[in-house]
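Quick notes on the structure that follows.
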Amino acid sequence: MSIAREGWPFIATLLGVGLALALFRLPWVAVPVLLLGLFTAYFFRDPDRSVPADPRLVLSPADGKVIVVAPAPEGHPLGPGAMQISIFLSVFDVHINRAPIAGTVTRVKYHPGDFLPAWDEKASLQNEQNAVTVEGGGTAVEFKQIAGLIARRIVFNKREGDPVAAGERVGMIKFGSRVDVFVPASVQVRVKNGDRVQGGLSVLAERT
């Protein structure tokens, strides 16, 4: 299984320290450190995904649990009737983020902020976050990479003007986080609270 390159510094450090402790015959310390290194490798896993080919679909940008399906905040740039779908990522979920639709990255805006627990609704407004808008096929979709209580590093590998394919890897959030997705009124939401979704595979909404 592939591992995201962002994880290798953490993995190498933990495994190196664990092996050094083992060589110094300190197994009661070495074993927990080695296990933490193995879990870190698991956390940064980057599985390949067979992305659906239907261009009408809005795909999940992340793995996790849907915790909000509700009207977007008043005055959202996608206009009246826009909907918000929020996904909570635990430390056990894949943390690679993917483009929800094919198109062009038209806006990237980073906001520094707090580090409230990602399941807290206030996190959508107050936490450190990176808002990305992708436009394609006559539709704009926005998603926000939101840091959580543990997550302190948002990675986004694209710039404004870059093309993206649906389901393409575009970044990640390290160690527990949240992703908010916003779709316009013309798009039909296909998920509900409590649903489990997978980035690049699960359909959040469908363009009509």
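Given the options Q188, Q129, Q198, state which has the largest fluctuation in a GNM of the chain using a 10 Å cut-off (strictly under) for Cα springs.
Q188
Among the lysines in the chain, how many pairs, 8 or more places apart or on different chains, have alpha carbons under 18 Å apart?
Taking the Cα cut-off of 18 Å, the pair count is 10.
Specify the angular offset, from 0 to 90 degrees and rounded to the nearest 10, of the alpha carbon long axis of helix 27-43 from the longest principal axis of the alpha carbons in the chain.
20 degrees
If the viscosity is 0.890 mPa s and the temperature 25 °C, what translational diffusion coefficient in µm²/s does Stokes-Einstein give for the stretch 1-116 when Rh comes from Kirkwood over Cα pairs?
It diffuses with D of about 138 µm²/s by this estimate.
Quickly estimate the mean residue ellipticity at 222 nm for the chain, helices only: each DSSP H run with n ≥ 4 gives -39500 (n - 2.57), and the total goes over all residues, rounded to 500.
Mean residue ellipticity, 222 nm, calculated: -5500 deg cm²/dmol.
Please state, as a whole number in µm²/s, the translational diffusion coefficient that the Stokes-Einstein equation yields for the chain at 10 °C and 1.306 mPa s, with Rh defined as the Kirkwood radius across alpha carbon pairs.
90 µm²/s
Short version: what are the Cα gyration tensor semi-axes of the stretch 1-66, square root of 5 times each eigenvalue, largest first, in whole Å?
Computed over the stretch 1-66, the values are 37, 11, 8 Å.
Suppose R0 equals 22 Å. What FRET efficiency, 1/(1 + (r/R0)^6) with r the Cβ-Cβ distance, do S90 and F156 give to the nearest 0.05?
Once rounded, the FRET efficiency stands at 0.55.
GNM, the chain, Cα, under 10 Å: largest mean-square fluctuation among K144, K65, K192?
In the Gaussian network model the winner is K192.
Between V179, A205, M83, whose Cα lies farthest towards the positive end of the dipole of the stretch 57-207 when Lys and Arg beta carbons carry +1 and Asp and Glu beta carbons carry -1, centred on the Cα centre?
Final value for the positive-end residue is V179.
Report the full-extension gain for the segment L19 to E135: residue separation times 0.36 nm, less the Cα-Cα distance, to one decimal in nm.
Working it through step by step, the gained length comes to 36.9 nm.
Using a Gaussian network model on the chain with a 10 Å cutoff between Cα atoms, which of E160, E74, E135 fluctuates the most?
E74
What does the extension gain come out to for T106 and V203, with contour length at 0.36 nm per residue minus their alpha carbon separation?
Additional length available on full extension: 32.7 nm.
Treating the stretch 54-108 as a set of equal point scatterers at the Cα positions, no solvent, please give the Debye-formula log₁₀ I(q)/I(0) at q = 0.16, 0.22 Å⁻¹.
-0.64, -1.09
Efficiency by 1/(1 + (r/R0)^6): what FRET value for L35 and I3, r their Cβ-Cβ distance, R0 = 25 Å, to the nearest 0.05?
Efficiency for this residue pair is about 0.90.
Values in this text are rule-based calculations from the coordinates and carry no lab data. Everything quoted here is computed from the prediction, not taken from an experiment. Counting neighbours? That spans all protein chains shown, and the Cβs are built from the backbone with ideal geometry, glycine included.
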